[in-house]
1. With each pseudo-label sitting 7 Å past Cα toward Cβ, what's the Ile38-Trp23 distance in nm, one decimal?
2. Pick out, from Gly90, Ala225, Ala130, the residue whose Cα sits farthest towards the positive end of the charge dipole of the chain, with +1 on the Cβ of Lys and Arg and -1 on the Cβ of Asp and Glu.
3. Taking all pairs of different Cα atoms in the chain, averaging 1/r and flipping that mean, what Kirkwood radius in angstroms comes out?
4. Through the Karplus equation 6.51 cos²θ - 1.76 cosθ + 1.60, θ set to phi - 60°, convert the phi angles of region 257-266 into ³J(HN,Hα) values in whole Hz; use x for Gly and Pro.
5. How much net charge surrounds Ile145 when only the other residues with a Cβ under 9 Å from the Cβ of Ile145 are counted, with Lys and Arg +1 and Asp and Glu -1?
6. Could you please report the charge total around Leu226, scoring K, R as +1 and D, E as -1 over all other residues with beta-carbon less than 13 angstrom from its beta-carbon?
7. Per residue of region 230-242, in order, report the coupling 6.51 cos²θ - 1.76 cosθ + 1.60 (Karplus, θ = phi - 60°) as ³J(HN,Hα) in whole Hz, putting x for Gly and Pro.
8. If you stretched the chain out fully between Arg174 and Asn125, how much longer would it get, using 0.36 nm times the residue separation minus the C-alpha to C-alpha distance?
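All of the numbers you see were taken from the coordinates with simple rules; none came from a lab. Note that the structure is a prediction, hence the values are computed from the model and not measured. Please note: Cβ atoms are built from the backbone with ideal geometry, for glycine as well, and neighbour counts cover all protein chains shown.
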Amino acid sequence: MPEVVLKLIFPLLLLGGLILFFWILVKRQRARKRFSPIVENMLRTPAQHLEAELDDLYEHMVLGINAIILPSTVAFLTAYSNPVAWIIAGLIALGGAWILRKTIHKSMQLRLAIDGEQYTGTELNYLMRAGAWVYHDIPYRYGNIDHLIVSTGGIFAVETKTFRKPARERELSRQSTVVFEGKQLLFPHFQTAAPLNQACRHARYVQESIVRNLGLKVPVTPVVALPGWFIDRRTRSDVWIINPKRGGTLATQVRKGVISPEHATLIANYVESVARSVPAGSKKMDPDATKYYDFWNNRRFEDRKLG
């Protein structure tokens, strides 16, 4: 029994020593009394919250890998001749494999969504050439608005949806056309109205928020962006469906005079007060970092949301 305990204590001491080493390293860096030059919070980037989710998933992935490797290692070191220990280790490893499978599948979905939002966001940034303000990943009560465009041509709440394309039969090529018939999006392999409803919910909330906080009633148009797809529009609709390349059909709309420049500027300042919420990562090493970050360098405060 003492031999088993000794074999277990060594890896635990090693892990504890590593944690202590990094903790001392951070403490020494903060004790140098040097502050980050980036005082102001930065603007949120496309898919900001999805990247945070992906980081969390990677942590679960490490947990699954450890559940596969560690029990077998412990069984080998401490009870390699005991079949019960190996059975327990095998069951734990199976659980870890199940966690790992689910995590990998979810991470692939998130990666696709992140790529879509980042592509759409960078393409919509072209609208700034036409005088529009473009903000990304705006948190609000019911989630996050992927992109919010403020211009004299109106306010646009953009929901990005990234769907993989099915292959054509007997051909090594993609089917790339989606039909919009007013109430649903008809893809080659499925149909859905969910993105339309989501975009309408975003737009309605943004309009109500502007009324509540600024006393202005302005048009807010719901937009669904489908990166990489050709849009076959069969009818007019209150919801705009666009391919976001170079800003899509929004490129001409944002130049129009639907909203006065003064009101557009006022609304943009309000949205920016929410969008500018990302502290510089270098501030984690500031002497007063413990006011804003916990022991694991997680932020103590949540982001402000669109009210």
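1. The two pseudo-label positions are separated by 2.8 nm.
2. It is Ala130, whose Cα lies furthest towards the positive end.
3. Numbers: mean 1/r = 0.0432 Å⁻¹.
Hydrodynamic radius (Kirkwood, Cα pairs) of the chain is 23.1 Å.
4. x, 6, 10, 5, x, 5, 5, 4, 5, 4
5. Details: positive: none; negative: Asp137, Asp146, Glu159.
Local net charge: -3.
6. Working: positive: Lys161, Arg164, Lys165, Arg233, Lys245; negative: Glu117, Glu123, Asp146, Glu159, Asp232.
Summing Lys/Arg as +1 and Asp/Glu as -1 gives 0.
7. Ordered by residue, 3J(HN,Hα) equals 8, 9, 9, 8, 9, 7, 7, 7, 5, 9, 8, 10, 9 Hz.
8. Full-extension gain reported as 14.9 nm.
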